[in-house]
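The values are calculated or read from the model by the stated rules, or taken from the named source; none is laboratory data. What you see is a predicted model; the values in this text were computed from it and never measured. Cβ: placed from backbone, ideal geometry, glycine included. Neighbour counts: every protein chain shown. Accessible surface is based on the protein model in full, side chains and every heavy atom, while ligands, DNA and RNA are left aside. Shrake-Rupley method; radii C 1.70, N 1.55, O 1.52, S 1.80 Å.
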Amino acid sequence: MDDGYFSENELLPLSALQHLVFCERQCALIHIEQVWKENRLTAEGRLLHQRVHERIGETRDDLRIVYGLPLTSFRLGLSGRADAVEFHRKRVPEETGKKDVNDPVDTVELPGLKGYWRPFPVEYKRGRPKGSECDRAQLCAQAICLEEMLGVHVPEGALFYGKTRRRQQVEFNNELRRLVERSAQHLHQLLETGTTPPAVNQPKCRNCSLNDICMPEIAGSSKSVGTYIDAALKTFRHKE
């Protein structure tokens, strides 16, 4: 990193930031130990993102949608793709054809299209809103990438959850932006050390595809690994 900016070789996946905010150990298992195991939930999520990225961009009236847009922030040291970025046209007085000088710099001009357009990132998730800030942090990181790339302010975006079939509006306030800044810095430090943190058993562990690799059930308990394995074998024999 030079003068507070990362080089292209130092960029980390945007998805790793989401993993980190959700669970530091999960992030390390995936991005340090290169461990991955898919379950039904991750398979459904992967297929959802794939379908979204394969869509063709569309333009209608005052809306332009771009799917799978590449994103980069050299300040955060992150790169990836946005599921979708909507550009909403802002009406300006026809007699001037210019932006109001009192407006914040939140619009861009798009090739082949008239007017000024506000970028609005949208991230698709297969399930329901989580108790963790991980999805909001990932979306905010995408907005920061857009701001750096386009030179505009991106104040908000949306998360679309497949189970509820509803959008959740997300304001990129100072608190959320600070979380992203801290998490991005911690992500680089974590991967540089190459050390996987110990497991911490939490309710969210039940749906994690890495549960049987991570084995959070024995973390922080008085049970030994041998006792845990013995109990697991007894359960297996009982099922037979």
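Any chance you could run the full-extension gain for Val108 through Glu148? It's 0.36 nm times the residue separation minus the Cα-Cα distance, nm to one decimal. Walk me through the numbers before you get to the answer.
Numbers: separation 40, 0.36 × 40 = 14.40 nm, distance 1.27 nm.
Extra length available between Val108 and Glu148 comes to 13.1 nm.
Karplus-derived 3J(HN,Hα) values for region 164-181, using 6.51 cos²θ - 1.76 cosθ + 1.60 with θ = phi - 60°, are 8, 6, 10, 8, 10, 5, 10, 8, 8, 7, 4, 5, 5, 5, 5, 4, 5, 4 Hz; glycine and proline are entered as x. Summing Lys, Arg as +1 and Asp, Glu as -1, what charge do residues with Cβ under 14 Å from the Cβ of Leu191 carry, Leu191 excluded? After counting each charged neighbour, the total is -3.
A 1.4 Å probe run over region 59-196, with the rest of the protein chains in place, finds 53 Å² accessible per residue. Charged neighbours of Pro119, selected by a Cβ distance under 9 Å, balance to -2 (K, R count +1; D, E count -1). Here the 3J(HN,Hα) profile of region 12-17, calculated from phi with Karplus coefficients 6.51, -1.76 and 1.60 at θ = phi - 60°, is 10, x, 4, 4, 5, 5 Hz, Gly and Pro shown as x.
Using a Förster distance of 25 Å, how high is the FRET efficiency between Glu181 and Arg128, based on the Cβ-Cβ distance and rounded to 0.05?
On the way: r = 27 Å, r/R0 = 1.09.
Here the calculated transfer efficiency is 0.40.
Glu33 sits with roughly 90 Å² accessible to a 1.4 Å probe, with DNA, RNA and ligands left out of the calculation. Taking all protein chains together, Arg91, Arg64 sort by accessible area into Arg91, Arg64, largest first [probe 1.4 Å]. With a cut-off of 12 Å between beta carbons, the residues surrounding Phe160 carry a summed charge of +3, where Lys and Arg count +1 and Asp and Glu -1.
Quick check: with the 1.4 Å probe, what order do Thr59, Thr72 take by accessible area, largest first? Walk me through the numbers before you get to the answer.
On the way: Thr59 70, Thr72 35 Å².
Ranked list, largest accessible area first: Thr59, Thr72.
Between the beta carbons of Arg166 and Asn207, assuming R0 = 22 Å, the FRET efficiency works out to 0.60 to the nearest 0.05.
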